[in-house]
Structure formats: structure tokens, C-alpha cells
Amino acid sequence: MGILTLIMLFCVLKTPVIEPLIKTVQENLSTVPDVLNFLGWETWKSDEFFQSLDRVSLLAIVPNRNILMNPQNFKRSCFSELLSRQKLERDNILNGLSEYQIKKACIYVARIRAFLDAIAWAETGSIGEASYTVIVFKGGNKIKNFSTHPFVGGGWKANQNCAFIRRAGKRVCSSASGRYQIMDFNYRSLTKNGIIRDFTPASQDKAAIYYLQQKGVLKDIAFGNFEKAACKVGGHWASFPCNNYRQPQKKVQQLRYIFDRQVVKYTIGFDETFQELKQNYIASSVRSRSSRAFSKPVPDRVTILTQSFQKFHEGIDLAGSLGTPIRAITDGKVVYSGWDHWGLGNVVKIRHRDRGETVYAHNRKLFVTAGERVSRGQIVAEMGSTGNSTGSHLHFEYRLPSGRKMASGEPEMQAVNPCDRLFSCPAIGDRF
Ligand SMILES: [Zn+2]
């Protein structure tokens, strides 16, 4: 909050600045709508570019554990955050997250961070770590304890911290503290509404991002519309343009200069960093794949791969003799065991921890029932030729959430090639 505005602003801000807050700020953003609500980006829903992003790209923009990033670490953190989410959620929707999308998302985050830096510069005159400790009206005193706002909970009283402001020529008092010059009463609202719990640098950043969101400027910033965003936040940070608090304002060109300079710092060498991390990621992903907890659904080398994964055949066919044991490829819970009217015959569907689902079709016998927990390697069925089948074989599918929801609200599942994800497959006609 700007230096001089207090009295005026107090009146403005007493009106509920903080609407009942979207609990999603607490990092449990698990769906695209959650993230969109948090970011105030509903309007993006119809945006062509937005549609090419998925929730993970968006998640990276939300404050997370990497919130305190200096430019040197930024690229690495942003990319590895996205890549590790990709890894964590295994081949979930993330699979579709292209290099382009990851870079784009990280550029968005870089711009938002650079905007925070511009606010810090305008409000405190610094953008480094020390900016988080600034108490403007306390004559050079610094925040030493981040457990709460310095004017809250037995701290100094706001009215004892006053200064003459040259231009206004008056004595002005303020509790404005920290990197974004947050007032004590704003801090109280923020904590009361569960947006932040303390005054640590990460919380200060979070609060600032919250105000940006409230002002509806995150999208402007992400798209690089600096002047527009700077004007829109002028009502909150008096050092920014487009307000009539009659405080010393920074010129928009000055702010833009800081913003641009920081964006460059955050994004310089983007490609090199990305390529390096990608190589590491691929290497570690290959390692973890080989030690992964997936086994084959059929005994080794007793079946023949007769059909591969392709359009209109979203699984693989493994031909073997009637009664060949069919095993769960990893631990999970049976979500369906019974007859399938779409041609799969006697089918078992198992949901796994990675939220993926495996499908074992055309069985002669089923040994499990819906709701049952199964462990890796457990026999769930016997090979058969039921349903739309011309000979004894297992039709095996691996499905992952596509990231979209069905009308029922259930996540939509999308078949992926198990030969890419679970185990290596031979050529058609060869033993599996
Ligand atoms: Zn098949």
C-alpha cells in the first residue's frame, strides 16, 4: 500500500476487500476450475490459447513452494516444477504438456514475478531479499520476526509510526510493512480469511498475488500488458499510476523498465535450461520406469502380440491359450467385473493409485468383484474369447484421466498406449 494513502485508503479498504475466499489459495488446487477461480481467469475458458494449456501449466502460476525464487533459480524451479508434476502424476494429462506449453507457462510465471518485483521497487525502493523486511515508517527498522505483521499482535501501534511526506507536507502514519507495504488491517483480513498465516516472505508474495487477482490483472500481466495492469493496481498501490491519492507516483515508464529488466533476468537462457532439465527428466524417468511397479498382465513369453494400439483399437491384443492366467499389473481396486455390452465380453477394470485404469477383456472366467482390492500380480481372470472376439486372447487397455470431465462429473478417461507407458512390446506376431 502506498506511502501516503492511509486515511483515504482505509475507507476504501474497509469495504470488504476480501471476498469469501476461495479456499483454493491454500494450494489444494486440483482441478482446472479451481485454478481458474483462484486466478480469476474464467474468461480464458473461451480463449484459444488457454485451451491449449492444461491445469499443470496453470498450477505453476499459483504460489507454491517455489514462491521465493530469485531469477537465477527461477527457470530451473519453474521447469522442474512442471516436469516433476508431470512425473508425479505419471502419464496423466500431463503427457500432453508440450515443451511449448511448459515454456509458455514459465514465461507467464516470470512475468507475474517480475510484476511483483516492480511493486516492491515502487513501494520499498528495493527488490532483493531485504525488501521483505522493510518498515517504511519505522525509521529504518527492519522486520526481524516474520511470524506476524509487525503492527499486529503486540507490535508497534500504527499511529506511532509516522513520517512527514515532502510533497504532501503532512504527517502521515502507516502500518505499511514488508515488500508490498501491507497494512495491519489488511493483514488481519488476510489471515482471518485464511489467505496467509504469517508474514513470511512467501506469505507476503501470496498476499500480493491475491490482490493482483482481486484487481483482475493476472491475465494482463501474464500476457505482458504491463501498462494496463499497472493502471488497474493503482488503486491498491499508491506508488502506481492511475489513482488520485496525491502521493508520489512512479512513472509508468520507470515501472515498465523494472518489469522488463526482471522478465529478462527470469527468462534469459530459457531454452538451454529447459533442454538440460528435460534430459535429466527423461533419464530419471527411464530409470524409474524400469524399476516401476508394473508387471505384465500375462506370463512372460506365452502370448503373442497380435494387435497393437492404434486408432479404433485402443489397447493391445495378446493371444494365448484358453485359461491363461490374467494378472493385475499393479496394485489397485476393482471398479468393474462382469459383462460388457460393448464387446469386451467378461471384463475386469482396475483403478490404480496413479489414477490410471487397466482393462482386461474377453475373459473366460473372472476371479474378482467390484470394490475388491487387488495387488500386483494377483490373478484376476482367465483368458477367454468372450464378447467381440474371434479367438482366445487378452485385450488389454491402459487409461488415464484426460483432464476433462464427463457430464456426470467423473473424470474422462483416455486410453494410452501401454507399450509406451508400462512395458516394452515386441513387434506384431512376436512373443510378448
Ligand atoms: Zn483388442
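Just so you know, all these numbers are worked out from the coordinates, no wet-lab data involved. Keep in mind that this is a model prediction, so the values were computed, not measured. Here the Cβ is made from the backbone with ideal geometry for all residues, glycine too, and neighbour counts use every protein chain on show.
Brief remarks follow.
- Cut-off 9 Å between beta-carbons: net charge of the residues surrounding S295, Lys and Arg +1, Asp and Glu -1: +3
- Our summary gives the range 375-430 a relative contact order of 21 percent, counting only alpha carbon pairs under 8 angstrom and 6 or more residues apart.
- In range of the label at L322: residues from the range 367-394 whose backbone nitrogen is under 12 Å from the point 7 Å along Cα→Cβ: 383-386, 391-393
- Percent of C-alpha pairs per 5 Å bin, the range 360-432, short to long: 3, 12, 14, 19, 24, 17, 8, 1, 0
- Over the range 304-421, the pair-distance histogram of Cα-Cα distances with 10 Å bins from zero comes to 15, 47, 33, 4, 0 percent, rounded to whole numbers.
- Mean Cα-pair separation over length for the range 304-421, i.e. relative contact order, pairs under 8 Å, 6 or more apart, %: 29
- Residues in the range 385-413 that a label on I379 would reach, taking backbone N under 19 Å of a point 7 Å out along Cα→Cβ: 385-386, 392-395
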